[in-house]
1. If you take the residues of the range 345-376 that are in a helix (DSSP H, G or I) and in contact with a Pro (Cβ under 9 Å, 6 or more places away or on another chain), which of them is nearest to VAL709 (Cα to Cα)?
2. I'm checking my understanding of the structure. Among residues of the range 74-122 that are over 18 Å from ILE40 (Cβ atoms) and β-branched (Val, Ile, Thr), which one is farthest from the chain's Cα centre (by Cα)?
3. Among the numbered conditions (1) closer than 21 Å to SER572 by Cα; (2) in contact with a helix residue (DSSP H, G or I) (Cβ under 9 Å, 6 or more places away or on another chain), tell me where TYR331 comes up short.
4. Hey, any hits in the range 629-636 for a residue that's touching a Cys at 6+ places or on another chain (Cβ under 8 Å), modelled with pLDDT of 85 or more, part of a helix (DSSP H, G or I) and surrounded by 13 or more Cβ atoms within 10 Å (Cβ to Cβ)?
5. Can you pull out the residues in the range 531-542 that are closer than 23 Å to THR513 by Cβ and open to solvent by 20 Å² or more (accessible area, probe 1.4 Å)?
6. In the range 553-603, how many are open to solvent by less than 60 Å² (accessible area, probe 1.4 Å), at pLDDT 85 or above and in a loop (DSSP other than H, G, I, E, B)?
7. Considering only residues that are open to solvent by less than 40 Å² (accessible area, probe 1.4 Å) and out of contact with any Phe, Trp or Tyr (no Cβ under 8 Å at 6 or more places or on another chain), which ones fall in the range 757-800?
8. Can you work out which of the residues in the range 81-134 that are outside any strand (DSSP E or B), open to solvent by less than 20 Å² (accessible area, probe 1.4 Å) and within 21 Å of TYR70 (Cα to Cα) is modelled with the lowest pLDDT?
Amino acid sequence: METLVQTDLACYHCGESCDDSLWKDDKPFCCYGCQTVYEILSSNDLCEYYALEKNPGTQLRYVSEETYAYLDEKEIRKKLLSFDSSEFARVRFYVPAIHCVSCIWLLENLQKLKPGILRSEVNFVQKSVTVDFKPDSVTLSSVAKLMASLGYAPSIKLDSEEKKGTTTTYDKSLLLKLSVAGFCFGNVMLLSFPEYLGLDKVADGSLIHVFSWLNILLSVPVFLYSDIDYLSSAWKSFRQRQINIDVPIAVGLVALFLRSVWDIVTGYGPGYMDSFTGLVFFLLIGRWFQNKTYESLAFDRDFKSYFPLAVLRLKKQTVSVEEEWEPVVVYNLAKGDQVKIRNMEIVPADSMLLDEQAFIDYSFVTGESKPTLVKPGELVYAGGKLIGQPVKLVVEKKTSQSHLTSLWNKDVFQKPEESKYKRLIDRAARRFTWVILGLSLVTATYWYVTDASQVWLIITSVLIVACPCALALTTPFTYGNMLRVFGRHNLYLKNADVIERMASINAVVFDKTGTVTHGSDPEIEFTGELSDQEMGWVNILTGYSTHPLSKLVHANTPKQPTKQVKDFKEISAKGIEGTIGGSYIRIGSAQFTNFHENMDDLSSTVFVSVNDDVRGYFSIRTAVRKNIQGMLSRLGEKCEAMLSGDSKADKVLMSTLFHPTAQLLFKQSPHDKLNYISNLQHGGKKVMMLGDGLNDSGALKQSDVGIAVTDDTGVFTPACDGILQGDQIGLLDRFLALAKSATTIVKAGFVLSFMYNAIALSFAVSGHLTPLVAAILMPLSSISVVVFTTVAVNVAAARKLKVNPLS
C-alpha cells in the first residue's frame, strides 16, 4: 500500500518549504523556531500578524540565553541606551529584517508579548525600532532576545555608536540595482543598433535572432532584480486588497517585458527590451534623486538648523579667581565642556553631574513629570529639565539636534489639527491609481480596434508616464525648504505643519517681559536698605533663575564669592526664595514678599525681603527690542493684544508701540493668558502667541502657533511650536508673510503636477509617446517640482526677508 507524502508544503510562518513532520493547530512549520513564534503570537491573541501578509515571518535560528547577555554590562548599556533610570529606559535598535506592514505591526506590539515593555515604535525608512521599557522588570538583553526570537534580530555595532547621526547612510541596494539596469540598458541598445539603423532587413537574419535572445538574457536581471521593489510593492498591495501608486508602473513593466519575450520567442518581432531596460533605468534614477533630496533636507534639518537655545559654558583658560561663564548655543557644545544649568533649563546633552545633587524632570523624555534625584557622577540625559538650584555638569556626548527635535515632535506635544494638504494628497493618491488603470483599459480597447500592433507600447506609456509623485513631492519639499530658510534666520519650527498653520494666522498676541522688552541697557535703581553682604546674597539668588528680571538684577548687583543656597524655589509669576548664610531671602512681586504699601506704577519692580522683612525694591526700566516698532506697525490690526504679568508701569510706552486697537492687559496670571487666547479662538481667530516660555507655557500650548522667544538661555517648553532667537523678532511679520508664500507655492506645485499629468497623458493616449520617453519624463516631473519649489522658496525668502536696517 502506497502512502502519499505531501512535498509542496510551505511554512505557515516564514513561507520556506518544509516536510509534514512539524504541525501545530493544523498548520505546518519548517522548524521549532517558527512554531515557537506562532505559539507566542497565538497565546497573546496576536495572530492578526498573519492576516496582514501571507508568510510574513523570517526563518529562525535558536537564540541562546547568552547571545545578548553582554548588553546588560554597565558600559554597554551606557553606549546603547538614550535614556536610563531605575523606572524607565529607552533603546533604539537597527533591525535589517523589517520589510513590510506585518513587521511594523508585530514590532509595535512587543508590550503584549513581554511584561515590562512599555511601548515600541518602528521607523520603517531607517529600519529601526525604539523600545521603552522598565529596567526593574525586563533587562536590555531580554528585549533584544525577544526581538531575535521573533525573527527581528537587532544589528548591534558598538564601535559605530559615536558616529551615529553625523554621517549619511546611503541605500547601496538602490545604487546596485541602478548599476545593473544601466549596464543592461547600454548593452541592449548596442545590440539593437541594426534595428535602429534599419539594417535588420539586409543583415544576417540568424545574427539578428541571436542579438534578440541576448537582449532577453540582459533584460532578465533587470526584470528579476532591478525593478523588484516596484513588483513586490504592487504584489503586497494586491494581497492586502489595496492599490498603491506602484501598481500602474508594475503592470506596465510586466506587460512590456512579457510582450517583448513573446515577440522574440515566436519570431513576431524584435521586442521592446531597449524600452524596458531604459524604462527601469530612468525610473531608478528618479527614485535615487528623490531619496537624495529627502536626505539633504533631513540632514539640513538635523545638523545645520540649530536649536536656538543657549546654556552657560565655563570659559576656558580663564585668569580670574572667579569662574567666568559665557552663553553658548547648545549646538556648539563639545565633549568635556563644563556647563551650568539653571532652574527650568533643559539639559541639552548627556552630561555627568559634578554637584552634590540635582532634581531632574524628565517629562520631556518619558512623559512623566516626577522629578528624579541625580547624585554626583551620575549621568543626566539630554532633554531633562532642572528643578531647583543651578548645577554644574560635564558634557559626555555632543548635542544631537535630531534627538532634541524627535523629543519635541512626540505625539503628546502635537496640536490636534491635521494638515489639509496631507488629506488632499492622500485622497488624490488613492483615486489616482484607479483612474489610471481605467484609462489604460479604455486606451487599450481603442487601440486594439485601431492598430493592435501599438497596444502594448501605448498601454505601457500611459501606465508609466502618469504618476502622482510630483503631486506628493510638492508639499514636503516646499515646507522642507521653508523650514531651512526659517532656520537660517534663527526661527526653528517643530515641523512642517506649523508653517501651514502660520499661513492662516490673523491675530498675534505678545507677552511683554523678555519678548517685547529686553535687558539691553536697562535702568535699574534700588530703593531701600541692604548691606553689602545682603546685596551679594541677592546677586547669588537671582543667578539661580532664568527669568528676564532676575537676570537683570543679577547682572547689575555686585558679585560675591559663591555660597551655598538651601531650599531654593522658583514660583511661576511670583518670585524666587532660598536660604543663604542662615537668612531667608525672597525676591519677586509685592504680593510674594508681603509688601502692602501703595506705589505709583512708574516701572517694573522687584521686591526683596530678608527674614520676612521687606528691605526694598529694584525699579527696572527695560529697553524695547530693536526693530520691534517697525514690525508691530507692519502687523497693524493683526496685532491683537499685549499680555503682561507686570504692573502698568510701562503702559504709556507700550501704547506708543502697539496699534490703537490692540489691548494692553497687565497683571495677567498664566491662567488669565491662557483664557484670553481661548476666548479669541472661540471668536474665530487663528492665534499666534509669543512669550518667553516661563510664565506662559499654557498660552503657548493653547494658541494655534506658539513661539518661545529666547535670549542666551536653555529654557524651553515643548508645548511651543517654534523657538525664535530674540534679536530676530523684528522679522515676525515677514515670517508670517513667507508662510503664506509657502502655501501659494504648494498650490502652484499642485497646478504644475496636474498640468504635467494632463499633457503627458494626452500624448501617451494618442500614441505620440514611447515607453522610453515616458520613463524619462516621469523622473523629470519629480525633478521639475523639486527645482520649482526650491527656486520659488528661495526667491520668496529673498523678497520677504529683505531687511531694511531702518525698519
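1. PHE364
2. Result: ILE76.
3. (1)
4. yes
5. MET535
6. Of the residues in that region, 2 qualify.
7. Selection gives ASN757, ALA760, LEU761, ALA764, ALA774, ALA792, VAL793, ALA796, ALA797.
8. Top of the filtered list is VAL95.
The values are calculated or read from the model by the stated rules, or taken from the named source; none is laboratory data. Predicted, not measured: the structure shown is a model, and the values here were computed from it. Neighbour counts are summed over all protein chains in view; Cβ atoms, including those assigned to glycine, are modelled from backbone coordinates with ideal geometry. Only protein heavy atoms, including side chains, enter the accessible area calculation; ligands, DNA and RNA are left aside. Shrake-Rupley method; radii C 1.70, N 1.55, O 1.52, S 1.80 Å.
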